[in-house]
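Each remark here refers to the structure printed beneath this line.
The values are calculated or read from the model by the stated rules, or taken from the named source; none is laboratory data. On a predicted model such as this, the values are computed, not experimentally measured, just so you know. Cβ placement follows ideal geometry from the backbone for every residue including glycine, while neighbour counts extend to all protein chains displayed.
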Amino acid sequence: MRTVDEVESTSLPLRLAALFHDVGKPDTRGINPATGDFTFHDHEIRGAEITDNIMRRLKFPNELRERVVNIVRFHLVVYSEAWSDAAVRRWLTRVTPSAFPNILDLAQADIAAKGTATDVQVSDLKALAERVQQMLASNHALTIKDLAVTGHQLMQELDLVQGPLVGRILRALLDDVLEAPERNERERLLESARELLKSFAGKRDGRNEDT
């Protein structure tokens, strides 16, 4: 409840996420044999599952439920300045850029509610926020929709039909671009897609029978 109090925003998804964020702890509680301290490994994953079930049962709107579940799932932010730019981009892709502000707000509220906040924890979140803002300002590709090629273009250029293979190639291309944003060029991506198609040989679920 202190976390809910520490949330400064009036955002309903954020405040609901603050209410639910640690609901997975009872199910995941363990004990560190070396120290005797409680552990809650993967409580954010279990918490997201419980939150989803509760909000479905209470018939919350789907869009609101999905936003709250996503915030709960990623509220545990363990950032280090050792993260590479690619690591930050991959993390941002997982949490989604639109949810990042709420996730950051909840992480800050969670730290404050524990009453044990350190300058290092606070500065880490601030540093992460600054790096994310720089990346967003640079318009780096963070989702499949940001790629310089579309699924339709891949189907035309590689003679593919709509199916799982197209999605698999797009996800691989995004992973490559997250590592090096400068690779997000149409011709370069198409060439990479052709190589990927060769490496997926034998998995012909998306390829025309006459190719």
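None of 94, 89, 29, 2 is modelled with pLDDT under 95 and touching a His at 6+ places or on another chain (Cβ under 7 Å) except 89.
Among residues of region 9-36 that are part of a strand (DSSP E or B), those with a beta-carbon under 9 Å from a residue that is not polar (S, T, N, Q) at least six positions away or on a different chain give the pairs 30/38; 30/40; 30/41; 31/37; 31/38.
A quick yes/no check of all residues on (1) within 24 Å of residue 180 (Cα to Cα); (2) among the β-branched types (Val, Ile, Thr); (3) out of contact with any Leu (no Cβ under 8 Å at 6 or more places or on another chain):
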{"residue": "42", "(1), (2), (3)": "no, no, yes"}
{"residue": "47", "(1), (2), (3)": "no, no, yes"}
{"residue": "64", "(1), (2), (3)": "no, no, no"}
{"residue": "70", "(1), (2), (3)": "no, no, yes"}
{"residue": "84", "(1), (2), (3)": "yes, no, yes"}
{"residue": "95", "(1), (2), (3)": "yes, yes, yes"}
{"residue": "104", "(1), (2), (3)": "no, no, no"}
{"residue": "131", "(1), (2), (3)": "yes, no, yes"}
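When you scan region 136-153, do you find a residue that is part of a helix (DSSP H, G or I) and either modelled with pLDDT under 90 or touching a strand residue (DSSP E or B) at 6+ places or on another chain (Cβ under 6 Å) (or both), even just one? Among the residues of region 136-153, at least one is part of a helix (DSSP H, G or I) and either modelled with pLDDT under 90 or touching a strand residue (DSSP E or B) at 6+ places or on another chain (Cβ under 6 Å) (or both), which makes the answer yes. Of all the listed residues (77, 72), the sole one being in contact with a helix residue (DSSP H, G or I) (Cβ under 7 Å, 6 or more places away or on another chain), surrounded by 10 or more Cβ atoms within 10 Å (Cβ to Cβ) and not in a helix (DSSP H, G or I) is 77. Of the listed requirements (1) under 26 Å from residue 53 (Cβ atoms); (2) surrounded by 15 or more Cβ atoms within 10 Å (Cβ to Cβ), residue 121 misses just one: (1).
Just one of (1) buried (at least 16 other Cβ atoms within 10 Å of the Cβ); (2) touching a residue at least 24 places away in the same chain (Cβ under 8 Å); (3) not hydrophobic (A, V, I, L, M, F, W, C) fails for residue 159. It is (1).
Taken over region 37-48, the residue count meeting the criterion of being charged (D, E, K, R) and part of a loop (DSSP other than H, G, I, E, B) is 2.
Taking region 46-57 as the range and being among the polar types (S, T, N, Q) and without any contact (Cβ under 8 Å) to a residue 12 or more places away in the chain as the test, only 53 passes. Filter region 58-85 down to the residues that are of a type in the set (Val, Ile, Thr) and in contact (Cβ under 8 Å) with a residue 40 or more places away in the chain and list them by number. Of everything in region 58-85, those that are of a type in the set (Val, Ile, Thr) and in contact (Cβ under 8 Å) with a residue 40 or more places away in the chain turn out to be 68, 71, 72, 77. Residues of region 165-175 that are out of contact with any Asp or Glu (no Cβ under 6 Å at 6 or more places or on another chain) and over 19 Å from residue 132 (Cα atoms): 166, 167, 168, 169, 170, 171, 172, 173.
When region 32-74 is filtered for residues that are polar (S, T, N, Q) and at pLDDT 95 or above, the ones remaining, listed by number, are 51, 53, 62, 70. For region 49-69, the tally of residues that are part of a helix (DSSP H, G or I), farther than 14 Å from residue 12 by Cβ and either charged (D, E, K, R) or outside the structural domain of residue 27 (by TED's automatic domain parsing) (or both) stands at 4.
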